[in-house]
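What follows is a single structure, written as structure tokens, with notes after it.
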């Protein structure tokens, strides 16, 4: 018997501005939601549902670059066409999180204005209309310094702590754990990506079997975004 | 039916220098290994089995700091007692990956000398003696710039590509994917940590249901470690 199960939701269909994601997910045949599940939803469909789409010149591969500057509060590095910047939310990522994959040609998707709020909205609607108590994580794909390859991380959450603080607990040998703030929402976003892939068009997954003590009030922006004054690499 | 299952292996017992991890895992009751499984093993038990333990003064909380300098090829940042450095493997992490949790009082565990080789050894022994073809990931817990909280990442692998390269494939709308090198071994390490926790003494987990095309030759050091000349934050 598995301790953790991850289930891809295949059939929510193409998401359009104004769509109600909670209803699309609740109506999906793969999605038999249970209390205590965590739904991971990719940023792209949240941005689409919220109408965070901007027209760009489909024939100019750089036509979204002015948007990147506009969506950034600080540029950290530039190399060629690559811009690493800090967004208004405090995220540090490439191109201010703007990308062109899985959107219609001639459009670019911006990050949700407030992904924690987006997550709370979906969670509240699923609870109110379908009577199911699930946590929500909104995920996006970020690069990292020092390590090649991208991974999925959380950009918003609701109903789950972003960081599980184990300080004060002991390890298996009874010694106090010191460095023990685990970014569980980022680990969950990465786990869900393993069944989504970038090419499969799977935008939502259920993660079932998470530690019950992690559930509760949470916010990626409040808990995960590091204060720039505290950051050794900004 | 879940697309991905993660199963904690609880009963490998306390690992000591010279122990054969492959045998301890194969003997565990939770571990009914199947071809195509991926085993995630935490660095701590690999270091213990390989005897990468050093005596320190149990009454001096800083007595492992000279080891940190010795295990580092380059110091990137210092703040108070915190050292962020690059190890011989090319990993950038706190305290050169040396830590004191889950080891006996008076000892510190160093990283394995070559964790890809460690992974290959365990994989080869499981195949030769138990006839099972599994991938191996050795995981460790690293912090990151810009985001609070630690996550588990891979420091070694065998039988699985560290990075799945999707360039040249198309997204769900038929557009070519551009940024598509996914660090799948890091995502798998994070996923496994969700059933291990830092406090539970679970050092091994099975991840079942991974994309079959990811299996094959792989190396964290060759594929994940970014060339410093290529790195914007070193």
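Annotations
- MRE, 222 nm, helices only [DSSP H, n ≥ 4, -39500 (n - 2.57), over chain A, to nearest 500]: -6500 deg cm²/dmol
- Sorted by Cβ neighbour density within 10 Å, fewest at the top, the residues B:138, A:206: A:206, B:138
- Residue mean of other protein chain beta carbons inside 10 Å, A:135-147: 5
- As a ratio to 2.2 N^0.38 Å, the alpha-carbon radius of gyration computed for the protein assembly as shown takes the value 0.95.
- Relative contact order of chain A: 26 percent, from C-alpha pairs under 8 Å at least 6 residues apart in sequence.
- Residue exposure proxy: A:69, A:5, ordered by other Cβ atoms within 10 angstrom of their Cβ from fewest to most, comes out as A:69, A:5.
- Look at the alpha carbon pairs under 8 Å that are at least 6 residues apart: their mean separation over the length of region B:53-110 gives a relative contact order of 37 percent.
- Among B:210, B:126, B:82, a tally of other beta-carbon atoms within 10 Å of each Cβ gives an order, fewest to most, of B:82, B:210, B:126.
- For chain A, the convex hull drawn through the C-alpha positions has a volume of 144 cubic angstrom per residue.
- Residues residue A:113 and residue A:217, FRET efficiency given R0 of 25 Å [Cβ-Cβ distance, rounded to 0.05]: 0.75
- Here each label is just a point 7 Å from Cα along the line to Cβ, and for residue A:62 and residue A:165 those points are 4.7 nm apart.
- Over the C-alpha trace of region B:53-110, radius of gyration and Dmax come out as 11.0, 31 angstrom.
No lab work stands behind these numbers, since they all come straight from the coordinates. Quick caveat: nothing in here was measured; it's all calculated off a predicted structure. All Cβ positions, glycine included, derive from the backbone under ideal geometry; neighbour counts span all protein chains shown.
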